[in-house]
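Undergrad: Have a look at this one.
No lab work stands behind these numbers, since they all come straight from the coordinates. Owing to the predicted nature of the structure, the values given are computational and were not obtained by experimental measurement. Virtual Cβ from ideal backbone geometry, glycine too; neighbours counted across all protein chains shown.
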Amino acid sequence: MDTRINFLKIGLFVSLLSTLLIFSIFWLGKFGLESKKYDTYFTFYDDSINGLNIGSSIKYKGLDIGVVKNISINPKNSEEIKIELEIQKGTPIKHDNYAILGSLGITGLKYIELKGGSNESPLLEDNYFGEKVIESKKSTLTNIVTSTEDVMREVLVILKSFEKVLNQENISNFAQLLENSEKSMANFNELLFDIKNFTDVGSSSFKSVKNSADSFNITMKKLEQDSLNNLESALINMNETLISMQELIKNLNESPSDLLFKQKSINYGPGEKNEK
């Protein structure tokens with residue numbers, strides 16, 4: 001009898017303790033911890049958020065700091081998507097933090113990544129509506145995709161323009177233009193050949209003129225030398241004549257009668273006699 005009573009007490013105690021433990025765990029998990037685990041923030045996007053889902057990660061420099069709690073259309077602006085964020089309590093979200101969409105590999109899934117957040121910036125505060133709103137920006141990949149789309153549109157416009165230009169009529173005209181260009185090039189080559197021949201003839205003529213000029217220079221030099229020699233001889237003779245005239249004038253001055261009466265003295269050779 002005593003053994004049955006002891007087992008009954010032990011069974012009741014274990015059941016009651018298990019019930020209290022389960023209730024405590026449920027209460028702590030549901031009410032005690034959840035309400036204190038996260039702070040609520042909001043961000044708004046006016047571009048597509050395809051690939052972003054409720055429960056997607058929120059990262060800051062690669063560290064998971066929260067999850068996406070809700071996604072809806074902004075009731076105050078139907079062109080924007082309102083995203084509710086749950087970020088771990090105590091995470092310092094600064095005024096210059098901003099959110100961009102990141103991609104998880106090639107799966108197409110997206111997550112939200114927080115950028116910025118300088119140490120000097122103040123903490124983000126509630127706005128007029130009592131909400132903490134993190135600014136959103138386009139990611140580098142989104143900007144590249146947008147730029148690529150713009151470039152593709154421009155390329156399509158250019159291709160359509162080429163299609164209009166390269167119709168059958170223009171192609172025929174272009175072929176005719178090429179044919180005419182070939183003929184013009186042939187004529188131009190003939191002209192170049194004629195110019196070359198003329199240049200060769202001119203070169204030969206120039207050589208002949210040069211040879212003639214060289215021969216003329218040689219002849220002139222020879223004539224010049226001969227003239228100088230003749231002039232030198234004439235000058236010598238003229239000098240001798242002048243000396244003779246000076247002697248004659250001197251003799252006349254000394255004895256004018258010698259011009260009429262003076263006989264020339266005869267110089268006899270050896271063995272000859274002076275007859276006078």
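Undergrad: What's the ranking of 90-101, 178-189 by average number of surrounding C-beta atoms within 10 Å, highest first?
TA: My ranking of the peptides, most packed first, is 90-101, 178-189.
Undergrad: Do the alpha carbons of any pairs in LYS137/LYS160; LYS110/LYS160; LYS82/LYS137; LYS61/LYS94; LYS160/LYS183; LYS138/LYS160 sit beyond 25 Å of each other, and which pairs?
TA: LYS137/LYS160; LYS110/LYS160; LYS160/LYS183; LYS138/LYS160
Undergrad: What FRET efficiency would be calculated for the residue pair ASP214, ILE236, taking the C-beta separation as r and a Förster radius of 35 Å, to the nearest 0.05?
TA: That pair, ASP214 with ILE236, gives E of 0.55.
Undergrad: Using 0.36 nm per residue of separation minus the Cα-Cα distance, give me the extension gain between SER72 and ILE171 in nm, one decimal.
TA: Gain on stretching SER72 to ILE171: 30.0 nm.
Undergrad: Size of the dipole of the range 35-136 about the Cα centre, Lys and Arg at +1 and Asp and Glu at -1 on the beta carbon, nothing else charged, in debye to 20?
TA: The calculation lands at about 420 debye.
Undergrad: I've got another one for you. So if we plug the beta-carbon distance of TYR98 and ILE158 into 1/(1 + (r/R0)^6) with R0 = 45 Å, what FRET efficiency do we get, rounded to 0.05?
TA: It comes to 0.80.
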